[in-house]
Amino acid sequence: MSSYSDSPPPPSSIAPTPDTTVSPSIPTTTATTTTTTTTLLAEENPSTTLVQQQVVPTLTWPDNSELDLGWIENLISTFDWSSKNIPPSEFPSVLPVHVFDSLILTASKILHKEPNCLRIDPDDSSTVVVVGDVHGQLHDLIFLLNNAGFPSHNRFYVFNGDYVDRGAWGLETFLLLLAWKVFMPHRVFLLRGNHESKYCTSVYGFEKEVLTKYGDKGKHVYRKCLGCFEGLPLATIIAGCVYTAHGGLFRSIPSTPSKRSKGKKKNRRLCFNSEPKSLSLGSLDELSRARRSVLDPPWEGLNLIPGDVLWSDPSMTLGLSPNKERGIGLLWGPDCTEDFLKKFNLKLIIRSHEGPDAREKRSGFGGMDVGYTIDHVVESGKLITVFSAPDYPQFQATEERYKNKGAYIVLEPPHFDNPNFYSFEAITPRPQVNPYYDYVDVIDSDEELDLVSMVTTTSDGS
């Protein structure tokens, strides 16, 4: 596993008080800048109509291909402005295809070189912010970044996946995080979620969102995003004591020598049994060897670890068992949490993957009202679920909305094993926009995975 650390950086800014709800009522700098620009245009020419006031800012790629903080801040304000002022079909006027290509190519090269499990080693002057699902809720993500503090030399970020789908600004959300990755590759770490896949994005809206925003170039943009998804790492180990991943734990794939004729010992082949009689926890070494570059993590065959890491859920029942509700991944009990923590000398497991809709169907577990739950407390440490999309999902078919808060976690020195939780409410009002998927008929908790559709989607060459 790769290790990321640097010499002592400058001191960090003051962080908000933990275990309290943060109000998003104070406008961000980007929102203020947009409002001021519009006002100035009106003052210069009082007869200017509303349409004439909307001078579309167009993003350009730096001549030296090096991003800086000013470029990121401009990206944030431009995405925020465009979400409120132009129809989705005009998005290329804000982010031309050639600028998209430059950003995603640069980010993909970085991501594909990273190992499956990243080792992050912050020093005693640094903090680590861990973020859960954001699901295309751009404005809530912008608030989170402002509230927790932008990534910096002494502020690491680990994002636990699920950047796209359901929310209406999955593309902007993903590209904003890719820009941070390009700007600060050793401070911002983007992990893969189960929605960073061809199957999920074809069902839950991201594919249609991209096609709507980029029109005849939409298939090209979507394919580039899928290729980038394949490069996203699966997990991190923070300060040697915290394991993070989108879904959680994973199985061991036992190997046994295949039968060969007597006397031939050279180049002995190994055959893998993907369905052992009894499941057992996998090792970090097995995780490092898994093949993550797949459009959709397999639910059968030899390469099961990526699917486990992205789709598994904790259980109150002891042991490991197939995750029949989702049709892929595992369920693991408190004993497995203890075994994993103890075996690898860890104190915390921080995962995401379950929002308020999923949690209301899970007996024995806390809801996601405040954006996080502590699911297992065992001798060696804790298992935590963090979910960073407030008032989720954006489009809800139920009469009463969940109105959950989002949350993020800050890990502080010297040991980084005592999590501070920060809950926050959704930015309101959200810009008016149509959904990109049939949110009435689609099951919002990802249950009952349609494996037949996944096979069809995965085998589709488009």
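Stretched out fully, how many nm does the piece from N74 to S125 gain, at 0.36 nm a residue minus the Cα gap?
Contour length minus Cα-Cα distance gives 15.5 nm.
How do the peptides 156-166, 65-75 rank, highest first, by the average count of neighbouring beta carbon atoms within 10 Å per residue?
In decreasing order of mean packing, 156-166, 65-75 become 156-166, 65-75.
Set the Förster radius R0 to 30 Å, insert the Cβ-Cβ distance between I86 and R223 as r into 1/(1 + (r/R0)^6), and round the FRET efficiency to 0.05.
Rounded to the nearest 0.05, the efficiency is 0.75.
Determine the order of H153, H353 by accessible area, beginning with the largest, at a probe radius of 1.4 Å.
Output order, biggest surface exposure first: H153, H353.
Ignoring ligands, DNA and RNA, what percent of the accessible area of region 176-222 is carbon or sulfur (1.4 Å)?
54 percent
Of the peptides 333-343, 234-244, how do they stack up when ordered by the mean number of other Cβ atoms within 10 Å, highest first?
Top of the packing list down: 234-244, 333-343.
Using a basic spin-label model with each label point 7 Å from the Cα along Cα→Cβ, how many nm lie between S65 and D101?
The two pseudo-label positions are separated by 1.3 nm.
Could you sort 121-130, 173-182 so that the peptide with the highest average Cβ count within 10 Å comes first and the rest follow in order?
For the peptides 121-130, 173-182, the packing ranking is 173-182, 121-130.
Find the eigenvalues of the gyration tensor of the Cα atoms of region 140-225, then list the square roots of 5 times those eigenvalues as equivalent ellipsoid semi-axes, largest first, in whole angstrom.
Working from the Cα gyration tensor, I get semi-axes of 25, 13, 12 Å.
Relative to the compact globular guide of 2.2 N^0.38 Å, what is the alpha carbon radius of gyration of region 77-157, as a ratio?
Cα Rg divided by the expected 2.2 N^0.38 Å: 1.37.
Round to the nearest 0.05 the FRET efficiency obtained for V56 and K342 when R0 = 51 Å and r is the Cβ-Cβ distance.
Efficiency at R0 = 51 Å is approximately 0.35.
Would you mind computing, in nm to one decimal, how far apart the modelled labels at Y439 and K403 are, each placed 7 Å from Cα along Cα→Cβ?
Simple spin-label model gives 1.7 nm for this pair.
Once a ≥ b ≥ c are taken as the square roots of the eigenvalues of the Cα gyration tensor of region 323-439, is the result rounded (a/c under 1.5), prolate (a/b larger than b/c) or oblate (a/b not larger than b/c)?
Oblate is the answer for region 323-439, as a/c is 1.5 or above yet b/c matches or exceeds a/b.
On the accessible surface of region 82-169, probed at 1.4 Å, how many percent belong to carbon and sulfur atoms?
Within region 82-169, the accessible surface is 56 percent carbon and sulfur.
The values are calculated or read from the model by the stated rules, or taken from the named source; none is laboratory data. Just so it is clear, the model here is predicted, and its values are computed rather than measured. Neighbour counts are summed over all protein chains in view; Cβ atoms, including those assigned to glycine, are modelled from backbone coordinates with ideal geometry. In case anyone asks, the SASA skips ligands and DNA or RNA and just uses the protein heavy atoms, side chains included. Shrake-Rupley method; radii C 1.70, N 1.55, O 1.52, S 1.80 Å.
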